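Chemist: Below is a structure I'd like to ask you about.
The values are calculated or read from the model by the stated rules, or taken from the named source; none is laboratory data. Just so it is clear, the structure is predicted and the values come from calculations on it, not from any experiment. Here the Cβ is made from the backbone with ideal geometry for all residues, glycine too, and neighbour counts use every protein chain on show. Calculation scope for accessible area: heavy atoms of the full protein, side chains included, ligands and nucleic acids excluded. Shrake-Rupley method; radii C 1.70, N 1.55, O 1.52, S 1.80 Å.
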Amino acid sequence: MKTLCELFGHGRQAWYEAQKRSDQRQTQQQSLLAEVKRIREKHPKVGAQKLYFQLRGWCEQNGVKIGRDKFLNLLRTNGLMIHRRARKAVTTNSKHDFYRYPNLVKGIKVTGPNQLWVSDITYLRLPRGFVYLSLITDAYSRKIVGWAVHDTLQTEGPLSALRKALKGVVSKPESLIHHREGGPV
C-alpha cells in the first residue's frame with residue numbers, strides 16, 4: 001500500500017481516510033434508502049422531488065449531506081424512481097351502433113387535387129389538459145385544406161375544419177369524397 005500511495009503522491013493516512021469517508025457515505029446512503037423505502041410503504045406513488053423535500057429534516061438530524069441531483073441519481077441507480085404513466089386522450093369509439101357507411105375510397109386512384117379529402121382527429125397535450133385537432137388533408141397534394149382546434153370531441157371541431165376546407169375550394173367538384181375515420185361523408 002505504501003508503494004501505491006507514494007506512486008500517486010499521497011500518504012497512506014490519506015488513503016485510509018478516503019476509505020473511511022467512502023464507507024461512511026455508503027452507510028449514510030443505505031440508511032437514506034431505507035428511509036425512502038419506509039416512506040414508500042405508506043405512500044407508494046410519492047415522487048422523488050417530494051421525497052427530497054420531506055427528507056431534508058431527516059438528513060439534518062442524521063448528518064447526511066446530499067444534494068437534490070445526487071439524491072435523484074441515488075434513487076435512479078437503485079431503481080426507486082416512480083415512472084408516471086402518460087394519460088392518453090381517447091379519440092376513437094369503434095364500438096357503436098350507428099350506421100357504418102360503405103368505404104368509397106377502397107381501390108380508388110387519386111389523380112388530382114380535390115378528389116379525395118381525408119380527415120382525422122388527434123389530441124394535443126397542454127399543461128391544463130388536452131385539446132383536439134381536427135385535420136382535413138387533400139390525399140393528392142397532402143396539403144392540409146382545413147383544420148380546427150376544439151376543447152371537446154363534439155362535432156363542432158370537425159365541422160369547423162370542414163367549413164374552412166370548403167371555403168378554400170374554388171369550384172365545387174362533384175366527385176369530391178370526404179373520407180373520415182368512421183367512413184366517408
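Chemist: What is the one condition in (1) more than 30 Å from Arg125 (Cβ to Cβ); (2) open to solvent by less than 40 Å² (accessible area, probe 1.4 Å); (3) touching a Leu at 6+ places or on another chain (Cβ under 8 Å) that Arg40 does not satisfy?
Modeler: (1)
Chemist: Ok, one more. Got a sec? Which of Asp69, Asp138 is touching a Pro at 6+ places or on another chain (Cβ under 7 Å) and either of a type outside the set (Ser, Thr, Tyr) or open to solvent by less than 70 Å² (accessible area, probe 1.4 Å) (or both)?
Modeler: Details: Asp69 fails: touching a Pro at 6+ places or on another chain (Cβ under 7 Å).
None of the other options fit; the residue is Asp138.
Chemist: Anything in region 9-21 that is closer than 30 Å to Arg56 by Cα and either at pLDDT 85 or above or open to solvent by 100 Å² or more (accessible area, probe 1.4 Å) (or both)? List them, or say none.
Modeler: So in region 9-21, the residues closer than 30 Å to Arg56 by Cα come out as 16-21.
Within region 9-21, Tyr16, Lys20, Arg21 qualify.
Chemist: Could you check, for region 76-92, whether at least one of its residues is polar (S, T, N, Q), open to solvent by 70 Å² or more (accessible area, probe 1.4 Å), under 30 Å from Gln30 (Cβ atoms) and without any contact (Cβ under 8 Å) to a residue 12 or more places away in the chain? Walk me through how you get there before you give the answer.
Modeler: From region 76-92, those polar (S, T, N, Q) are 77-78, 91-92; that's our starting set.
From what's left, open to solvent by 70 Å² or more (accessible area, probe 1.4 Å): 77-78.
Applying the additional criterion that residues be under 30 Å from Gln30 (Cβ atoms) yields 77-78.
Adding the requirement that they be without any contact (Cβ under 8 Å) to a residue 12 or more places away in the chain leaves 77.
There is at least one residue in region 76-92 that is polar (S, T, N, Q), open to solvent by 70 Å² or more (accessible area, probe 1.4 Å), under 30 Å from Gln30 (Cβ atoms) and without any contact (Cβ under 8 Å) to a residue 12 or more places away in the chain.
Chemist: Taking region 22-49, which residues are among the charged types (D, E, K, R), at pLDDT below 90 and under 29 Å from the mean Cα position of the chain (by Cα)? So that I can check it myself, show each step before the final result.
Modeler: Pass one, region 22-49, residues among the charged types (D, E, K, R): 23, 25, 35, 37-38, 40-42, 45.
Adding the requirement that they be at pLDDT below 90 leaves 23, 25, 45.
Once the filter is applied, which keeps residues that are among the charged types (D, E, K, R), at pLDDT below 90 and under 29 Å from the mean Cα position of the chain (by Cα), region 22-49 yields only Lys45.
Chemist: Turning to a different aspect of this structure: Could you count how many residues in region 36-75 are in contact (Cβ under 8 Å) with a residue 12 or more places away in the chain, more than 21 Å from Arg21 (Cα to Cα) and of a type in the set (D, E, K, R)?
Modeler: Qualifying residue count, region 36-75: 3.
Chemist: Among the residues of region 97-128, how many are assigned to a loop (DSSP other than H, G, I, E, B) and open to solvent by less than 60 Å² (accessible area, probe 1.4 Å)?
Modeler: So the answer is 5.
Chemist: Determine whether region 139-153 contains at least one residue that is within 30 Å of Ile177 (Cα to Cα), among the acidic types (Asp, Glu) and assigned to a loop (DSSP other than H, G, I, E, B). Before you say what the answer is, go through the steps one by one.
Modeler: To start, the set of residues in region 139-153 that are within 30 Å of Ile177 (Cα to Cα) comprises 139-153.
With the extra rule that they be among the acidic types (Asp, Glu), the set shrinks to 151.
Now restrict to residues that are assigned to a loop (DSSP other than H, G, I, E, B): 151.
Among the residues of region 139-153, at least one is within 30 Å of Ile177 (Cα to Cα), among the acidic types (Asp, Glu) and assigned to a loop (DSSP other than H, G, I, E, B), which makes the answer yes.
Chemist: Restricting to region 32-55, name every residue that is of a type in the set (Phe, Trp, Tyr) and in contact with a Phe, Trp or Tyr (Cβ under 7 Å, 6 or more places away or on another chain).
Modeler: Here is the first cut: in region 32-55, the ones of a type in the set (Phe, Trp, Tyr) are 52-53.
Selection gives Tyr52 alone.
Chemist: Ile121: over 30 Å from Asp138 (Cα atoms) and either touching a Gly at 6+ places or on another chain (Cβ under 9 Å) or of a type in the set (Val, Ile, Thr) (or both), yes or no?
Modeler: Numbers: over 30 Å from Asp138 (Cα atoms): no; either touching a Gly at 6+ places or on another chain (Cβ under 9 Å) or of a type in the set (Val, Ile, Thr) (or both): yes.
Answer is no for this residue.
Chemist: If the Cβ limit is 9 Å and pairs must be 6+ apart or interchain, which residue in region 125-147 that is closer than 20 Å to Leu159 by Cα pairs with which residue that is outside any loop (DSSP other than H, G, I, E, B) and of a type in the set (Lys, Arg)?
Modeler: Final answer for the pair search is Val131/Arg125; Ile136/Lys164; Ile136/Arg180; Val145/Lys164; Gly146/Arg163; Gly146/Lys164; Gly146/Lys167; Trp147/Lys164.
Chemist: Residue check, Leu51 against (1) part of a helix (DSSP H, G or I); (2) of a type in the set (A, V, I, L, M); (3) open to solvent by 100 Å² or more (accessible area, probe 1.4 Å), all met but one. Which one?
Modeler: (3)
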